[in-house]
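Asker: Quick one: the structure is below, and I'll ask about it shortly.
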Amino acid sequence: MVEARVIEQGHPIRQQGEEIRALKAQLKASNKALREKLNKVTEVQEATIAAKSAAAMEIYKISLPCKKERLDKIRMTWKCLASTLNP
């Protein structure tokens, strides 16, 4: 009689064990999928940062001649102003 109850009670326990193993496998698969998505997002972010940095450097390089030209004009203006003040 006791053995029969133990056997009857053992079945739900085995079933729960199988369910737990199945849930662990699902969780493991979900975690792996989330890690892969996170890695892809990180790669895209890094690529975006690199592209923005490259664009910023190009803009800076393009602006250098303009800045030099402006400074030259300011320098010439100051020279002209100084020459009119000190005859």
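Here, each number is a calculation from the coordinates, and none is a lab measurement. If you're wondering where the values come from, they're calculated on a predicted model, not measured in any experiment.
Asker: Give me the compactness ratio for the chain, meaning the Cα radius of gyration over 2.2 N^0.38 Å.
Answerer: Numbers: Rg = 37.0 Å, N = 87, 2.2 N^0.38 = 12.0 Å.
Dividing the Cα radius of gyration by 2.2 N^0.38 Å gives 3.08.
Asker: Ala33 to Ile13: extension gain in nm, 0.36 nm per residue of separation minus the Cα-Cα distance?
Answerer: Length gained between Ala33 and Ile13: 4.2 nm.
Asker: Can you compute 3J(HN,Hα) from phi for each residue in the range 61-73, using the Karplus curve 6.51 cos²θ - 1.76 cosθ + 1.60 with θ = phi - 60°, rounded to whole Hz and x for Gly and Pro?
Answerer: 4, 5, 7, 4, x, 5, 5, 4, 4, 4, 5, 4, 5
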